[in-house]
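Student: First the structure, which I've put down as structure tokens, then a few questions once you've had a look.
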Amino acid sequence: MRKTQLYLVAALMIVIGLAAFYYKWHVLSFPLTPVEQTEVWDIQARVEYQPRSGPNQVTLQLPMNSPGFSILDERFMARGYGMTIERDRAGSGREVQWRIRRARGDQALYYRATVYRDGAVEAPGDRPGQSQPPELEEAETAAANALLEQVREQSVDSASFASRLLREFSEPSPSPEVALLLRERASANDRAQFAVELLAIRNIAARWVHALELGVDGAGELRPYLQIYDTDARIWRMLDAQGRIGWPDNLLVWSRGDRPVLDVDGARGGRFDIRVQSSLVDSLEAAVKRLEFRDENLVAYSLLSLPLQTQDVYKILLMVPIGAFIMLLLRNLIGVKTFGTFMPVLIALSFKWTSLLAGVILFVLVVGMGLLVRFYMERLKLLLVPRLTSILIVVVLIMAFVSVLSNRLGLEVGLSIALFPMIIMTMTIERVSVAWDERGPGYAMKMAAGSLLIACLAYLVMSWPPLEHLVFVFPEVLLVLLGLTLLLGRYSGYRLTELFRFRALARSQTDG
Amino acid sequence: MLNPFTIARRLRRIGLLGLNARNADYVLLYNQRRFYPRVDDKLQTKNLAIAAGLPVPALYAVVREEHEIAALHDKLAPYESFVVKPAHGSGGDGILVIHGRRGNRYRRAGGSLMSRGEFEHHLSNGLSGLYSLGGQPDHLLVEYCVKFDPVFEKVSYGGVPDVRIISFLGYPVMAMIRLPTRMSDGKANLHQGAIGVGIDIPTGLTRRGVWGTEPVEEHPDTENSIVGLAIPHWQELLLIAARSYELSGLGYVGVDIVLDRELGPLILELNARPGLSIQIANGQGLEPRLRAVQQLQRSGNLSADPIERVAFACSHFATT
């Protein structure tokens, strides 16, 4: 009866844990391993100009709300400049204004941003206002009408109309009408602006943007892209210079076309170049961002919403159950004896700050020195609590001494000794010393070495990055651990060391 | 060398009780936690035993406070030898045996001398809980030092041998005698190097010995045979073990008894979690014997009379 209940509770824990784990992994697509990574792009925009005497002002359009991408981080580097960032009222643009009272020599200003692909699509928006049709001379008007008529005959809707128009623009041997119209409009930006105006004649809502292709690392270039408004889907559709419709995969919209990207002292000028560098980052970060976009609460009530410092603490705390479970296995299945039930786990925890080898050396150093002091105190015949207190004081002093000494020697690892649990070390010293007196040095050393060995083992498991990641991102696996612990709670079979201990009994038996 | 699976299979066949099984199937099920203080505190055990009319070593003094230690020297002056024990000590830790005096100094069981300062320090350590199970402050018992029966003189070294009997629901199921050696420093604890010798329950004769994990026939220090010795007052010992059930309320209990030259058997202490080495000393597993008693329990034939229980044990639990 009691056992059935135990099995039921254990099974329930395991099922709940596994189900939650599966949901988060499969449906919410949390990464299973820490090595899963997402591509990000570091973009550096560099502005160079010759300052005029007197105050200078530089205005640079910045990317904002580019569909499909999000900015993770951005930095501005402009020494000696005052800086303001302004958003336009419609929320569709953003610019940085750099100001300096007096500048001498070539000036270089930097804007750096890290963006990653978030897969988000542009939210539907209302139909924008109409652009102004172009002001054309007579000959141009005739050419424009002929061109638009010709394009209209070859298109079925506004998208294909715009596409056809752009294709006419980019023909290697343009028609006479196009040649006439584009004679005065040589640059790609001017042509894009002109296309928008031409489309306005036909009442097609269009605009153009500066966009950056994040294809290859190295120098990047802002190119004009035409966008026309799809009245049915209420979204903007993208067309490239050759008239191809659709969003390219890796196109980052930088800023609106109707404003110059760079503006120096109110006149166009200065040089502007962009470099792109792609790299990989932890996809957990990306998953959290993605999730925040979809459902705020799922993140708000998870460990991932905690401040980073607290997260770091929990990253370590959540590994303690793992260490304790290892202790359970070692004690009840293997039969290892240690000083204190969970003392090795706590020691293993402190190794996290030092790395294994340094941790073991420092631990042995402190406990060893503490033991020497303890043996001397044995002769002073102190009572238990004063003795423990004095050992604690000595342990703290030894820790401080080791830190100072290693600092002088330039060994950074010695500083991390400050994070060792001094109460645990004090108790260890006391226990080792009592065992030494009671059971002999051999026994005490054996127990101490065993405890340390288990601490190392626990450390190796607890600091295994995939496991660390798994427990932190999926804390519900601890429920599975709880279920297993409950099951082992009634394990009444032999321990491994018992087989060794009672082997003489087995030897006298024969199989029959 | 046998492989672990073979060992496990053979051990299971002889019904060897492992630590996990002892804790899960016997200690947790038959020993109620509220009765633990009765055996964990040796003073309580002693008082209960006296109330039940069972023999225990005479109590000379109880030390509860630090300041009582200094007064102890005069209080103990009438006694040539005595034993100091922490009331919550485990595994013989902190037990101090004084065999005599030399001026102001005490002579320990091993022959070494101990100054009054050292003596007081040892006691104050005990009071502050150094030897107690959980490290809590403890009190100390000073009691009669057993003059052990000459039967064991040839097979012990520097200490008092004691008889351990496991009593299950009041039935003495298995017994051994623990002989101190030079290695155990006069202590009768197997893990400290004492020899355990299995005792045949019906006859009270020693059968086989184990030292560490190895079977032995002779005492390693005195080289006398440890097999075939007759334990004096055997029936009395079994009866004490049987009656310790009513005394302690614990179903699964180890009873430690010493044999005094003049006073006969005396209860030293009871143990709610008796060790498992008794099985090696007897060359048998505990499970079959425990099952036999459980069988009685299931059929409702458990006896309330200790004498009947001893008789059942004598007819069923022979060690050959």
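The values are calculated or read from the model by the stated rules, or taken from the named source; none is laboratory data. As the structure is a computational prediction, the values presented were derived from the model and not from experiment. Here the Cβ is made from the backbone with ideal geometry for all residues, glycine too, and neighbour counts use every protein chain on show. Note: accessible area is taken over every heavy atom of the protein model, side chains too, but ligands, DNA and RNA are not part of it. Shrake-Rupley method; radii C 1.70, N 1.55, O 1.52, S 1.80 Å.
Student: Answer with yes or no whether A:Lys381 is of a type in the set (Lys, Arg) and either more than 13 Å from chain B (Cβ to nearest Cβ) or under 23 Å from A:Gly450 (Cα atoms) (or both). Explain how you work it out, then say what you get.
Tutor: Numbers: of a type in the set (Lys, Arg): yes; either more than 13 Å from chain B (Cβ to nearest Cβ) or under 23 Å from A:Gly450 (Cα atoms) (or both): no.
No.
Student: Does A:Ala444 satisfy being without any contact (Cβ under 8 Å) to a residue 60 or more places away in the chain, of a type in the set (Gly, Ala, Ser) and surrounded by 19 or more Cβ atoms within 10 Å (Cβ to Cβ)? Please lay out each step first, then the result.
Tutor: Numbers: without any contact (Cβ under 8 Å) to a residue 60 or more places away in the chain: yes; of a type in the set (Gly, Ala, Ser): yes; surrounded by 19 or more Cβ atoms within 10 Å (Cβ to Cβ): yes.
Taking the combined requirement at face value, the residue satisfies it.
Student: Within the range A:155-172, restricting attention to residues that are part of a loop (DSSP other than H, G, I, E, B) and farther than 15 Å from A:Ile204 by Cβ, which residue is most open to solvent (accessible area, probe 1.4 Å)? Explain how you work it out, then say what you get.
Tutor: Here is the first cut: in the range A:155-172, the residues part of a loop (DSSP other than H, G, I, E, B) are A:155-157, A:171-172.
Now restrict to residues that are farther than 15 Å from A:Ile204 by Cβ: A:171-172.
On the way: A:Glu171: 76, A:Pro172: 125 Å².
Looking at residues that are part of a loop (DSSP other than H, G, I, E, B) and farther than 15 Å from A:Ile204 by Cβ, I get A:Pro172.
Student: May I pose another question? Any residue at all in the range B:164-174 that's surrounded by 24 or more Cβ atoms within 10 Å (Cβ to Cβ), in contact with a Ser or Thr (Cβ under 6 Å, 6 or more places away or on another chain) and more than 14 Å from chain A (Cβ to nearest Cβ)?
Tutor: For the range B:164-174, residues surrounded by 24 or more Cβ atoms within 10 Å (Cβ to Cβ), in contact with a Ser or Thr (Cβ under 6 Å, 6 or more places away or on another chain) and more than 14 Å from chain A (Cβ to nearest Cβ): present.
Student: I would also like to ask the following. Looking for whichever is buried (at least 18 other Cβ atoms within 10 Å of the Cβ) and β-branched (Val, Ile, Thr) here; the options are A:Val385, A:Val394, A:Val364. Which one fits? Spell out how you get there, then give the answer.
Tutor: Details: A:Val385 fails: buried (at least 18 other Cβ atoms within 10 Å of the Cβ); A:Val364 fails: buried (at least 18 other Cβ atoms within 10 Å of the Cβ).
That would be A:Val394, the only listed residue that is buried (at least 18 other Cβ atoms within 10 Å of the Cβ) and β-branched (Val, Ile, Thr).
Student: How many residues does the range B:40-87 hold that are within 22 Å of B:Asn271 (Cβ to Cβ) and within 14 Å of another protein chain (Cβ to nearest Cβ)? Write out each step before concluding.
Tutor: In the first step, residues of the range B:40-87 are kept if they are within 22 Å of B:Asn271 (Cβ to Cβ); the result is B:40-59, B:62, B:83-87.
From what is left, the residues that are within 14 Å of another protein chain (Cβ to nearest Cβ) are B:86.
Going through the range B:40-87 one residue at a time, the tally reaches 1.
Student: Condition (residue is at pLDDT below 90 and of a type in the set (Val, Ile, Thr)) applied to the range B:16-37: is it met by at least one residue?
Tutor: no
Student: Which condition does B:Leu2 not pass, out of (1) part of a loop (DSSP other than H, G, I, E, B); (2) touching a residue at least 12 places away in the same chain (Cβ under 8 Å); (3) surrounded by fewer than 20 Cβ atoms within 10 Å (Cβ to Cβ), if it passes all the others?
Tutor: (2)
Student: Among the residues of the range A:237-256, write down those that are open to solvent by less than 30 Å² (accessible area, probe 1.4 Å) and over 21 Å from A:Gln57 (Cα atoms). Explain how you work it out, then say what you get.
Tutor: Let us first name the residues in the range A:237-256 that are open to solvent by less than 30 Å² (accessible area, probe 1.4 Å), namely A:238-240, A:243, A:251-255.
Within the range A:237-256, A:Met238, A:Leu239, A:Asp240, A:Gly243, A:Leu251, A:Leu252, A:Val253 meet the criteria.
Student: Taking B:Ala304, is it under 26 Å from B:Leu54 (Cα atoms) and loosely packed, with under 15 Cβ neighbours inside 10 Å? Break it down stepwise before answering.
Tutor: Values: under 26 Å from B:Leu54 (Cα atoms): yes; loosely packed, with under 15 Cβ neighbours inside 10 Å: yes.
When the stated conditions are applied, B:Ala304 passes them.
Student: Another question, then. Can you pull out every residue in the range B:300-320 that is assigned to a helix (DSSP H, G or I) and either touching a strand residue (DSSP E or B) at 6+ places or on another chain (Cβ under 7 Å) or not hydroxyl-bearing (Ser, Thr, Tyr) (or both)? Explain how you work it out, then say what you get.
Tutor: Pass one, the range B:300-320, residues assigned to a helix (DSSP H, G or I): B:306-316.
If the condition is that a residue be assigned to a helix (DSSP H, G or I) and either touching a strand residue (DSSP E or B) at 6+ places or on another chain (Cβ under 7 Å) or not hydroxyl-bearing (Ser, Thr, Tyr) (or both), then B:Pro306, B:Ile307, B:Glu308, B:Arg309, B:Val310, B:Ala311, B:Phe312, B:Ala313, B:Cys314, B:His316 are the ones that fit.
Student: Out of (1) without any contact (Cβ under 8 Å) to a residue 12 or more places away in the chain; (2) open to solvent by less than 20 Å² (accessible area, probe 1.4 Å); (3) acidic (Asp, Glu), the odd one out for A:Asp190 is which?
Tutor: Going through (1) without any contact (Cβ under 8 Å) to a residue 12 or more places away in the chain; (2) open to solvent by less than 20 Å² (accessible area, probe 1.4 Å); (3) acidic (Asp, Glu) one by one, A:Asp190 breaks only (2).
Student: I've got another one for you. Do we find a residue being part of a helix (DSSP H, G or I) and either more than 14 Å from chain A (Cβ to nearest Cβ) or among the β-branched types (Val, Ile, Thr) (or both) anywhere in the range B:19-27?
Tutor: Residues of the range B:19-27 that are part of a helix (DSSP H, G or I), as a first pass: B:19-27.
Now restrict to residues that are either more than 14 Å from chain A (Cβ to nearest Cβ) or among the β-branched types (Val, Ile, Thr) (or both): B:27.
Yes, the range B:19-27 has at least one match.
Student: Here are some residues: B:Leu239, B:Leu247, B:Leu268, B:Leu286. Which one is within 21 Å of the chain's Cα centre (by Cα) and either within 14 Å of another protein chain (Cβ to nearest Cβ) or among the polar types (S, T, N, Q) (or both)? Please lay out each step first, then the result.
Tutor: On the way: B:Leu239 fails: either within 14 Å of another protein chain (Cβ to nearest Cβ) or among the polar types (S, T, N, Q) (or both); B:Leu247 fails: either within 14 Å of another protein chain (Cβ to nearest Cβ) or among the polar types (S, T, N, Q) (or both); B:Leu268 fails: either within 14 Å of another protein chain (Cβ to nearest Cβ) or among the polar types (S, T, N, Q) (or both).
When all the criteria are applied, what remains is B:Leu286.
Student: Assuming B:Glu65 fulfils every condition listed in (1) over 29 Å from A:Leu383 (Cβ atoms); (2) surrounded by fewer than 18 Cβ atoms within 10 Å (Cβ to Cβ) apart from one, which condition is it?
Tutor: B:Glu65 satisfies every listed condition except (1).
Student: In the same structural domain as B:Gly251 (by TED's automatic domain parsing) and in contact with a helix residue (DSSP H, G or I) (Cβ under 8 Å, 6 or more places away or on another chain), is that true of B:Gly94? Lay out the reasoning, then the answer.
Tutor: Values: in the same structural domain as B:Gly251 (by TED's automatic domain parsing): no; in contact with a helix residue (DSSP H, G or I) (Cβ under 8 Å, 6 or more places away or on another chain): yes.
The answer is no for B:Gly94.
Student: Same structure again: Inside the range A:210-235, can you point out the residues that are buried (at least 19 other Cβ atoms within 10 Å of the Cβ) and within 18 Å of A:Arg167 (Cα to Cα)?
Tutor: The answer is A:Pro224, A:Tyr225, A:Leu226, A:Gln227, A:Ile228.
Student: Is there any pair linking a residue in the range A:453-471 that is farther than 19 Å from A:Lys24 by Cα to one that is of a type in the set (S, T, N, Q), with Cβ under 8 Å and at least six apart or on different chains, and which?
Tutor: Close Cβ pairs (under 8 Å, with a partner that is of a type in the set (S, T, N, Q)) amount to A:Ile454/A:Thr338.
Student: Considering only residues that are within 7 Å of chain B (Cβ to nearest Cβ) and polar (S, T, N, Q), which ones fall in the range A:488-503?
Tutor: Of everything in the range A:488-503, just one residue is within 7 Å of chain B (Cβ to nearest Cβ) and polar (S, T, N, Q), namely A:Ser492.
Student: Please specify each residue of the range A:382-426 satisfying the condition of being modelled with pLDDT under 80, out of contact with any Ser or Thr (no Cβ under 8 Å at 6 or more places or on another chain) and either outside any helix (DSSP H, G or I) or of a type in the set (Asp, Glu) (or both).
Tutor: A:Gly410, A:Leu411
Student: Okay, next question. List the number of the failed condition for A:Gly450; all other conditions in (1) small (Gly, Ala, Ser); (2) away from chain B (no Cβ under 13 Å); (3) open to solvent by 50 Å² or more (accessible area, probe 1.4 Å) hold.
Tutor: (3) is the only condition that A:Gly450 fails.
Student: Let me ask something additional. Residues of the range B:220-255 being on the phi > 0 side of the Ramachandran plot and free of Cβ contacts under 8 Å to residues at least 40 places away in the same chain, which ones? Outline the logic, then answer.
Tutor: Going through the range B:220-255, the residues on the phi > 0 side of the Ramachandran plot turn out to be B:223, B:228, B:233, B:249.
Passing the criteria: B:Glu223, B:Gly228, B:His233.
Student: Please work out which residue is nearest to the other protein chains (Cβ to nearest Cβ), limiting yourself to the range B:5-18 and to residues that are at negative phi and not in a helix (DSSP H, G or I). First the steps, then the outcome.
Tutor: Quick first cut of the range B:5-18, residues at negative phi only: B:5-14, B:16-18.
Still in the running and not in a helix (DSSP H, G or I): B:14, B:16-18.
Numbers: B:Ile14: 6, B:Leu16: 6, B:Leu17: 9, B:Gly18: 4 Å.
The residue in question is B:Gly18.
Student: Only one of A:Val35, A:Val40, A:Val96 is under 27 Å from the mean Cα position of the chain (by Cα), aliphatic (A, V, I, L, M), modelled with pLDDT under 80 and open to solvent by less than 80 Å² (accessible area, probe 1.4 Å). Can you tell me which?
Tutor: Working: A:Val35 fails: open to solvent by less than 80 Å² (accessible area, probe 1.4 Å); A:Val96 fails: modelled with pLDDT under 80.
Among A:Val35, A:Val40, A:Val96, only A:Val40 is under 27 Å from the mean Cα position of the chain (by Cα), aliphatic (A, V, I, L, M), modelled with pLDDT under 80 and open to solvent by less than 80 Å² (accessible area, probe 1.4 Å).
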